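Novice: Dropping a structure here in structure tokens format, bear with me for questions.
The values are calculated or read from the model by the stated rules, or taken from the named source; none is laboratory data. Since the structure is predicted, the reported quantities are computational estimates derived from the model, not experimental observations. We place every Cβ from the backbone using ideal geometry, glycine too, and count neighbours over all the protein chains shown.
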Amino acid sequence: MNAALPLGAIEPQIDDRIYVTQPHLAPLEEFIPYLQQIWDSKILTNAGPFHQQFEAALCKYLGVKHLALFTNGTLALLTALQALRVTGEVITTPYSFVATAHSLVWNGIKPVFADIDPHTLNLDPAKIEAAITPQTTAIMPVHCYGKPCDVEAIQKIADNYNLKVIYDAAHAFGVQTETGSVLEHGDLAVLSFHATKVFNTFEGGAIICQDARTKQRIDHLKNFGFVDEVTVVASGINGKMSEINAAFGLLQLQHIDEALAKRARVDAIYRERLRDVRGIRCLPKEGQKVANHSYFPILVGPEYPISRDALYQKFRDRNIYARRYFYPLISDFPIYRGLPSARQDNLPVARAAAQQVLCLPIFPALTDDMLDRIIGIIADT
Ligand SMILES: *Cc1c(COP(=O)(O)O)cnc(C)c1O
């Protein structure tokens with residue numbers, strides 16, 4: 001960009017780039033009255049009126065009893081581990097975004113990677129059980145792509161071995177199983193409202209918990225440990241969501257159902273038109289009474305004419321930015337690969353998935369023309 005040019009003088013670029021996602025934003029004019037209220041009240045943060053309203057609105061929308069808002073999902077994960085005083089070793093998946101394992105390391109906890117199930121790509125309960133040692137205190141599974149983990153089997157293991165369960169539910173906004181919100185499972189579940197997620201507040205996150213006492217402890221922890229002006233009960237952090245983000249979240253919530261319906265349509269078109277492409281496998285839909293279609297992963301198998309990486313590159317050459325979520329595995333990053341559980345033969349299923357997966361663009365504004373371009377490239381290879 002030429003710094004000497006005023007902004008208005010820059011030629012608009014003709015741009016046909018398609019990214020893996022695009023944030024869904026409520027109309028700007030609808031947000032102005034919220035901003036006016038903040039400017040009038042001068043309450044910018046510290047559990048102000050929008051923060052409180054947004055917590056209540058989310059509980060209602062998601063069908064959960066207690067929820068604490070955070071600045072982002074990573075601080076919520078860090079605080080969730082603190083809230084339950086987790087120490088020692090925690091069993092988790094290598095097939096996730098790095099923040100899952102980072103949150104353990106920031107708490108001085110040793111991540112122990114267990115392998116995933118080839119059908120759901122979520123932690124395999126049998127592999128969790130095999131990874132338990134006397135130091136294990138908790139399990140941190142991920143509802144990968146919003147597909148529910150085997151919550152019953154995981155709870156059974158947790159009960160048998162007296163372990164806590166903290167779900168990284170960053171992908172699982174609004175997902176329901178036959179028994180209700182998937183976020184009600186485990187001791188705690190953590191959401192992310194990052195710009196790239198199904199539901200965004202620019203940045204944001206939340207912890208869902210099961211009782212008012214835990215919610216209170218989490219509220220203290222996210223505000224430096226303050227209980228009142230002169231009482232500090234823990235070495236808390238600053239994890240509070242601001243009034244701007246909370247106000248925007250309230251507005252976003254009014255538009256989320258429409259956004260989810262548009263995603264469902266894109267998902268259905270992909271499934272229909274990729275069904276007969278040899279070597280391309282879509283993940284099964286089972287286990288979700290209400291899905292959120294947060295991602296559209298395909299697995300590029302050996303029967304497909306070119307490799308996953310060649311297809312990824314072919315997309316890029318045509319301005320389509322599909323993403324290899326999740327490659328590399330967390331356990332393959334230099335900071336983790338020295339761990340005994342990170343060794344090659346411990347994680348064969350996760351390794352195979354990381355070599356084959358490609359997440360196709362999915363977002364509410366994805367047009368039929370864009371879908372034609374994307375599907376055409378896969379089908380014509
Ligand atoms: C996005 C994401 C996070 C981190 O959330 P932020 O809000 O970006 O901090 C954690 N875990 C998973 C699986 C994610 O996808």
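Novice: Looking at the stretch 26-73, which of its residues are of a type in the set (A, V, I, L, M) and either free of Cβ contacts under 8 Å to residues at least 40 places away in the same chain or within 16 Å of the ligand (Cβ to nearest atom) (or both)? If you could, list the steps in order and put the result at the bottom.
Specialist: Of the stretch 26-73, the ones of a type in the set (A, V, I, L, M) are 26, 28, 32, 35, 38, 43-44, 47, 56-58, 62, 64, 67-69.
Listed by number, the residues that qualify are L28, I32, A56, L58, L67, A68, L69.
Novice: When the stretch 231-246 is examined, which residues are found to be under 27 Å from the mean Cα position of the chain (by Cα), of a type in the set (A, V, I, L, M, F, W, C) and either assigned to a loop (DSSP other than H, G, I, E, B) or under 16 Å from T74 (Cα atoms) (or both)?
Specialist: We begin by selecting, within the stretch 231-246, every residue under 27 Å from the mean Cα position of the chain (by Cα); these are 235-246.
This time we only want the ones that are of a type in the set (A, V, I, L, M, F, W, C), so: 237, 241, 244, 246.
Answer for the stretch 231-246, where residues must be under 27 Å from the mean Cα position of the chain (by Cα), of a type in the set (A, V, I, L, M, F, W, C) and either assigned to a loop (DSSP other than H, G, I, E, B) or under 16 Å from T74 (Cα atoms) (or both): I237, M241.
Novice: Of the residues in the stretch 142-171, how many are part of a strand (DSSP E or B) and more than 16 Å from the ligand (Cβ to nearest atom)? Explain how you work it out, then say what you get.
Specialist: First, pick out the residues of the stretch 142-171 that are part of a strand (DSSP E or B): 142, 164-168.
With more than 16 Å from the ligand (Cβ to nearest atom) added as a condition, the list becomes 164.
Of the residues in that region, 1 qualify.
Novice: For N107, work out the one condition from (1) touching a residue at least 60 places away in the same chain (Cβ under 8 Å); (2) in contact with a helix residue (DSSP H, G or I) (Cβ under 6 Å, 6 or more places away or on another chain) it doesn't fulfil.
Specialist: Result: N107 fails condition (1) only.
Novice: Return yes or no: is S181 in contact with a Gly (Cβ under 6 Å, 6 or more places away or on another chain), crowded, with 19+ Cβ neighbours inside 10 Å and closer than 24 Å to T45 by Cβ? I'd like the intermediate steps shown before the answer.
Specialist: Details: in contact with a Gly (Cβ under 6 Å, 6 or more places away or on another chain): yes; crowded, with 19+ Cβ neighbours inside 10 Å: yes; closer than 24 Å to T45 by Cβ: no.
So S181 fails the test.
Novice: Being aromatic (F, W, Y) and under 16 Å from the mean Cα position of the chain (by Cα) is the filter; apply it to the stretch 172-230 and report the residue that is nearest to the ligand (Cβ to nearest atom).
Specialist: At the first step, the residues of the stretch 172-230 found to be aromatic (F, W, Y) are 173, 193, 199, 202, 224, 226.
Add one more test, that the residue is under 16 Å from the mean Cα position of the chain (by Cα), and what stays is 173, 193, 199, 202.
On the way: F173: 11, F193: 7, F199: 11, F202: 10 Å.
The qualifying residue nearest to the ligand (Cβ to nearest atom) is F193.
Novice: A further question on this structure: Helices (runs of 4 or more DSSP H) wholly in the stretch 281-381 with at least 3 residues that are over 24 Å from I269 (Cα atoms), of a type outside the set (V, I, T) and at pLDDT 95 or above - which ones? Break it down into steps so the answer makes sense when it comes.
Specialist: Values: elements: 308-317, 348-356, 368-379.
Of the helices (runs of 4 or more DSSP H) lying wholly inside the stretch 281-381, those with at least 3 residues that are over 24 Å from I269 (Cα atoms), of a type outside the set (V, I, T) and at pLDDT 95 or above span 348-356.
Conditions (1) at pLDDT 95 or above; (2) aromatic (F, W, Y); (3) surrounded by fewer than 13 Cβ atoms within 10 Å (Cβ to Cβ), marked per residue:
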| site | (1), (2), (3) |
| --- | --- |
| P12 | no, no, yes |
| Y34 | yes, yes, no |
| W39 | yes, yes, yes |
| P49 | yes, no, no |
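Novice: Give the residues of the stretch 74-93 that are in contact with a helix residue (DSSP H, G or I) (Cβ under 7 Å, 6 or more places away or on another chain) and either near the ligand (Cβ under 8 Å from one of its atoms) or over 21 Å from S331 (Cβ atoms) (or both), sorted by residue number.
Specialist: T74, L77, T79, Q82, A83 - these are the residues of the stretch 74-93 that are in contact with a helix residue (DSSP H, G or I) (Cβ under 7 Å, 6 or more places away or on another chain) and either near the ligand (Cβ under 8 Å from one of its atoms) or over 21 Å from S331 (Cβ atoms) (or both).
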